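Trainee: Quick one: structure below, then a few questions.
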Ligand SMILES: [Cu+2]
């Protein structure tokens, strides 16, 4: 019994030492570790649109994005695609608790996948212009990046499918922006993918 207690005490001391240890050095913030590239926004005149990018965590600890903001939109959210029982295609919804990017990995935000949603555009975003975003991490650090606005006609139908529009009038921005993203953006990607770099290879 005594031995067990001793072990526990030793372990606690070790943990404490480890915790204190990180204090001495200048630890890297999540914003320092994260690199955003290939960022772009789908051109849109009003309402909602999506932003996409490659987010790389070059650090040795997980990076946890808790929020994203942009001056281009009154409300900006991190969205994910989820399968819905009984539905043929996945729906999008706000990520619960943000987005964790494990150390040493790249998280791809792409049409039909996880994405940043500009829910309420302040003004039209037109091809050739740029939109800035700020990622907020759980450690309080922030990172700004700029995304180029691109014409992405292929996605139009997915954001405003005529079928969904009939049943669900404008009011349900909060509840279900979901229906709009389904469909098959994957096929459309090829068309706009002249640069080839968005998909990597
Ligand atoms: Cu979305």
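The values are calculated or read from the model by the stated rules, or taken from the named source; none is laboratory data. All of these numbers come straight from a predicted model, not from anything done at the bench. Ideal geometry is used to build each Cβ from the backbone, glycine not excepted, and the neighbour counts take in all protein chains shown.
Trainee: crowded, with 18+ Cβ neighbours inside 10 Å and modelled with pLDDT of 95 or more: which single residue out of 37, 44, 60 fits that description?
Mentor: Answer to the check: 44.
Trainee: I'd like to check something: does segment 52-64 contain any residue that is within 15 Å of the ligand (Cβ to nearest atom) and under 20 Å from residue 30 (Cα atoms)?
Mentor: yes
Trainee: Separate question: Can you tell me how many residues within segment 81-112 are within 11 Å of the ligand (Cβ to nearest atom), within 22 Å of residue 36 (Cβ to Cβ) and in a strand (DSSP E or B)?
Mentor: Summing the residues that are within 11 Å of the ligand (Cβ to nearest atom), within 22 Å of residue 36 (Cβ to Cβ) and in a strand (DSSP E or B) in segment 81-112 gives 4.
Trainee: Okay, moving on. Under the condition of being without any contact (Cβ under 8 Å) to a residue 40 or more places away in the chain and assigned to a loop (DSSP other than H, G, I, E, B), which residue from segment 114-138 is farthest from residue 71 (Cα to Cα)?
Mentor: 114
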